[in-house]
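No lab work stands behind these numbers, since they all come straight from the coordinates. Just so you know, these numbers come straight off a predicted model, no measurement behind them. For neighbour counting, all protein chains shown are included, and Cβ atoms are generated from backbone atoms with ideal geometry for every residue, glycine included.
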Amino acid sequence: MRTNGSRSYRDYEAQESYRASSRASGYNESEEIASKYNLIIGAVLLYGFFINYLMVKYCTQYFVNMNPILLIIIYFVVAIAGTIISARSDNPIISFLGYNMVVVPLGMVLSVCLVGQSAVSILNAAIVTCLVTLVMMIASWLKPSLFLSMGRALGIALIAVIIIELVCGLIFKIYMPTFWDVLVALIFCGYIGYDWAKAQHQPHTLDNAIDACVGLYLDIVNLFIRVVSVTSGRNND
């Protein structure tokens, strides 16, 4: 009887040890998947920024000579189409195509926005954008539910910004003041936190990583454009 009891206890210990190692193994695997997922997001974002760098360096004059209304139409039509294609596709290749349809037209706009800016101003704006992006991602990681709850409010605010800027810029030719750029920059700060939290709460697949990059890329580049605008406005003052 004692032998059977000790054997049963050893079996129980072995089972518990196996369960603990299985849980640890599962946890390590999930952490590894999450790390690869975030590395993919980072790599795809860097790819988009590099494409924009090439466009700004070699194609700026061509975009500057384009009709500004045509440029804006191309940007909105192609970028919106790319966003829809990426969001609706479960194929990473198709989603990556949609991502490029966002990167290229926004690179056209970025090229025009940076005309007349010094290399130092652009570098400073890039550093500020990187720091703000990092801070918002950390805040989103610490308080994901807070940022996820902002989705509707951020969407309404962004639609209002687009309408106001289109009406003021294309119809009334009104130059938006510096405080407006600061306000829009804050909206995109919120969007960085929202899109990062949203990305972390989705299944960590290759397609979802690329889809997440569409939103994050738009947030970061638009924030960068606003930072450049604010700093250039201060320099002019």
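The residue of the stretch 84-113 that is surrounded by the most Cβ atoms within 10 Å (Cβ to Cβ), among those that are free of Cβ contacts under 8 Å to residues at least 40 places away in the same chain and in contact with a Gly (Cβ under 7 Å, 6 or more places away or on another chain), is Met101.
Which of the residues belonging to the stretch 201-237 are surrounded by fewer than 18 Cβ atoms within 10 Å (Cβ to Cβ), under 16 Å from the mean Cα position of the chain (by Cα) and either within 14 Å of Met136 (Cα to Cα) or without any contact (Cβ under 8 Å) to a residue 40 or more places away in the chain (or both)? Scanning the stretch 201-237 gives a single hit, Gln202. Of all residues in the stretch 119-140, those satisfying the criterion of being more than 19 Å from Tyr194 (Cβ to Cβ) and surrounded by 14 or more Cβ atoms within 10 Å (Cβ to Cβ) are Ser121, Ile122, Asn124, Ala125, Ala126, Val128. Scanning the stretch 163-186 for residues that are exposed (fewer than 11 other Cβ atoms within 10 Å of the Cβ) and among the aliphatic types (A, V, I, L, M) yields Ile163, Ile171. Hey, any hits in the stretch 121-129 for a residue that's among the β-branched types (Val, Ile, Thr), within 23 Å of Tyr58 (Cβ to Cβ) and under 18 Å from the mean Cα position of the chain (by Cα)? Yes, because at least one residue in the stretch 121-129 is among the β-branched types (Val, Ile, Thr), within 23 Å of Tyr58 (Cβ to Cβ) and under 18 Å from the mean Cα position of the chain (by Cα).
Within the option set Ala153, Ala157, being surrounded by 13 or more Cβ atoms within 10 Å (Cβ to Cβ) and among the small types (Gly, Ala, Ser) holds for one residue only, Ala157.
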